[in-house]
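Peer 1: There's a structure below that I have some questions on.
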Amino acid sequence: MKAVILAAGQGTRLRPLTNHLPKCLVQVHGKPLLQYQLESLEQAGIQHCIVVVGYLGDLVQHHFGPRFGNVRITYVTNEIFNHTNNIYSLWLARQELNDDILLLEGDLLFEEGLLGDLIQSPYTNVAVVDRFNSSMNGTVILAREGLSTSMILGAQQSADFDYRNALKTVNIYAFSRETLAQQFLPILDQYIDHGLTSEFYEAVISHLIARGDLQVAVHLTGIRMWTEIDTEDDLRQ
């Protein structure tokens, strides 16, 4: 198993902190966001991580180099980060998606044990989720008996959307090598071939779930704390 961290974005909502610094290098208590993730991967026994960089990506490579502890780092660069979204960043890393994968976004903070919990799941395709509350926004999953029935991206949620049973995606996923090769990558290629480079990669997952071609288990964070760092308010919290 290896990990893919998507960290190409500009972090515009964290300006001016990100005027000269990529979001994943913004510090929390003296450590960059990405360092917390790499520490968690190392603790979970992951030995290879692909980091997709873009905005000021050379600073990320200079800071961490080719290795963090026991974790070997491979860098992939999204040269057109300023007018593509994370679906394109993930597509650029497609040659590395040849193993069981943990997929993470580079602006997350979470308790180290969360990845260990995920790896221990009896399911091979898993989305980490939390119970939805009014402070949250973005992609949600509806599930039955621990398995997703639909994934609804933020733009698809109408004004009267019923969030009572919604689960918020934490933006951490596990996918098996077989699922990636047989289901995920072919649809990912289709999206890029059709010029849909401004989509979120969750659009591919949503598409596959809706078509009945992918069964994704949900793993509740439970007592494990997590947060996404998008704004200075998030950072202060």
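The values are calculated or read from the model by the stated rules, or taken from the named source; none is laboratory data. Everything quoted here is computed from the prediction, not taken from an experiment. Glycine also receives a Cβ, built like all others from the backbone with ideal geometry; neighbour counts cover every protein chain displayed. Side chains are part of the model used for accessible areas, which takes the heavy atoms of the whole protein and leaves out ligands, DNA and RNA. Shrake-Rupley method; radii C 1.70, N 1.55, O 1.52, S 1.80 Å.
Peer 1: Would you pick out the residues in segment 23-53 that are outside any helix (DSSP H, G or I), in contact (Cβ under 8 Å) with a residue 60 or more places away in the chain and closer than 19 Å to residue 76 by Cα?
Peer 2: 46
Peer 1: Could you look through segment 1-20, keep only residues that are over 12 Å from the mean Cα position of the chain (by Cα) and aliphatic (A, V, I, L, M), and pick out the one that is surrounded by the most Cβ atoms within 10 Å (Cβ to Cβ)?
Peer 2: Filtering first and then ranking leaves 14.
Peer 1: Among the residues of segment 40-55 satisfying the criterion of being open to solvent by 40 Å² or more (accessible area, probe 1.4 Å) and in contact with a strand residue (DSSP E or B) (Cβ under 9 Å, 6 or more places away or on another chain), which is nearest to residue 114 (Cα to Cα)?
Peer 2: Per the stated criteria, the residue is 42.
Peer 1: Still on this structure: When you scan segment 78-135, how many residues do you find that are among the polar types (S, T, N, Q) and farther than 21 Å from residue 150 by Cα?
Peer 2: Residues that pass the stated criteria total 9.
Peer 1: Go through segment 198-230 and count every residue that is among the β-branched types (Val, Ile, Thr) and either free of Cβ contacts under 8 Å to residues at least 40 places away in the same chain or open to solvent by 40 Å² or more (accessible area, probe 1.4 Å) (or both).
Peer 2: To start, the set of residues in segment 198-230 that are among the β-branched types (Val, Ile, Thr) comprises 204-205, 209, 216, 218, 221, 223, 227, 229.
Among the residues that remain, those that are also either free of Cβ contacts under 8 Å to residues at least 40 places away in the same chain or open to solvent by 40 Å² or more (accessible area, probe 1.4 Å) (or both) are: 223, 227.
So the count comes out to 2.
Peer 1: Take segment 61-85 and flag every residue that is among the aromatic types (Phe, Trp, Tyr) and under 15 Å from residue 39 (Cβ atoms).
Peer 2: 64, 68
Peer 1: I need the full set of residues from segment 129-150 which are out of contact with any Lys or Arg (no Cβ under 9 Å at 6 or more places or on another chain) and either open to solvent by less than 10 Å² (accessible area, probe 1.4 Å) or among the β-branched types (Val, Ile, Thr) (or both), in order please.
Peer 2: 149
Every residue, every condition in (1) within 14 Å of the chain's Cα centre (by Cα); (2) closer than 24 Å to residue 181 by Cα; (3) aromatic (Phe, Trp, Tyr), yes or no:
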{"site": "90", "(1), (2), (3)": "yes, yes, no"}
{"site": "93", "(1), (2), (3)": "yes, yes, no"}
{"site": "96", "(1), (2), (3)": "no, yes, no"}
{"site": "104", "(1), (2), (3)": "yes, yes, no"}
{"site": "108", "(1), (2), (3)": "yes, no, no"}
{"site": "113", "(1), (2), (3)": "no, no, no"}
{"site": "120", "(1), (2), (3)": "no, yes, no"}
{"site": "136", "(1), (2), (3)": "no, no, no"}
{"site": "150", "(1), (2), (3)": "no, yes, no"}
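Peer 1: Right, next: Of all residues in segment 74-93, how many are surrounded by fewer than 19 Cβ atoms within 10 Å (Cβ to Cβ), of a type in the set (Val, Ile, Thr) and over 22 Å from residue 14 (Cα atoms)? Give the steps one after another, and end with the answer.
Peer 2: Of all residues in segment 74-93, those surrounded by fewer than 19 Cβ atoms within 10 Å (Cβ to Cβ) come to 74-75, 77, 79-80, 82-83.
From what's left, of a type in the set (Val, Ile, Thr): 74, 77, 80.
Those left that are additionally over 22 Å from residue 14 (Cα atoms): 74.
Total meeting the criteria: 1.
Peer 1: Further question: Out of (1) over 14 Å from residue 206 (Cα atoms); (2) without any contact (Cβ under 8 Å) to a residue 40 or more places away in the chain, the odd one out for residue 189 is which?
Peer 2: (2)
Peer 1: Restricting to segment 166-191, name every residue that is in contact with a strand residue (DSSP E or B) (Cβ under 7 Å, 6 or more places away or on another chain), within 16 Å of residue 125 (Cα to Cα) and not hydrophobic (A, V, I, L, M, F, W, C).
Peer 2: Initially, segment 166-191 is screened for residues in contact with a strand residue (DSSP E or B) (Cβ under 7 Å, 6 or more places away or on another chain), giving 166-175, 180, 184.
Checking which are within 16 Å of residue 125 (Cα to Cα) leaves us with 169-175, 180, 184.
Hits for segment 166-191 are 169, 171, 173.
Peer 1: Residue 67 versus (1) surrounded by fewer than 18 Cβ atoms within 10 Å (Cβ to Cβ); (2) over 18 Å from residue 175 (Cβ atoms); (3) touching a His at 6+ places or on another chain (Cβ under 7 Å): which is the lone unmet condition?
Peer 2: It is condition (3) that residue 67 fails.
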